[in-house]
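Nothing in this text is a laboratory measurement; each read-out follows from the coordinates by a stated rule. Please read all numbers here as calculations on a predicted model, not as lab measurements. For neighbour counting, all protein chains shown are included, and Cβ atoms are generated from backbone atoms with ideal geometry for every residue, glycine included.
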Amino acid sequence: LGVNSYKHTPTATFTVYQLASVEKFVESVSKIQGNTTWARFYTNNIDIDNQLRGEKEVFSGSLPIEDSGYNSFVSLPQNLGIGYYAIVATSGKHKDISWFQVNRVASFVTFASSKSLLWLKDIATEKNIAGAVVIFNGQQVGKTKDDGVALFETPPALIRKPTDPYYYTGELKFF
């Protein structure tokens with residue numbers, strides 16, 4: 001998992017929580033970020049632990065931070081099952097949170113102002129996933145073909161307007 005460098009400290013303490021459902025996952029992200037997506041860059045004043053109370057802790061311990069060029073990452077000492085997770089990194093007084101999902105699907109998605117592309121592949125079978133329906137904001141916007149690719153019109157809510165600040169495109173959107 002990618003992590004911040006924590007000012008070049010060689011280790012940090014990490015706690016991984018498995019969230020009970022996709023709804024809990026989205027709720028956790030929304031509670032931390034609120035209505036300001038830039039808040040993800042500063043979480044020191046948020047009671048992260050209290051917001052994850054009741055979620056299943058699946059790992060806690062000190063891990064070495066590995067560097068590769070300008071990237072830093074940690075390797076968890078155990079495999080995680082399919083599900084939704086939050087990982088809390090602690091170094092000194094600094095705490096940070098990230099969310100991730102473990103599943104059997106490898107995905108790639110790219111958005112442009114007119115068309116968007118989604119590609120899906122089953123990791124276990126190494127086969128493309130055909131016939132998967134792509135839903136955005138409750139409406140079907142595409143469907144993957146035999147090659148696992150869905151090419152569809154970009155939903156207007158995902159298209160940046162010239163007046164949008166570069167770091168913010170509106171409220172959070174989830175597929």
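Before moving on, here are some points about what is shown:
- One decimal place: the segment Val102-Leu117 gains 3.3 nm when fully extended, by the rule 0.36 nm per residue minus the C-alpha distance.
- Neighbourhood charge, 15 Å Cβ-Cβ cut-off, centred on Glu23 and excluding it, Lys, Arg +1 and Asp, Glu -1: 0
- Here's the list of lysines a cross-link from Lys95 could span, going by alpha-carbon distance under 22 Å and ignoring same-chain residues fewer than 8 apart: Lys7, Lys24, Lys31, Lys56.
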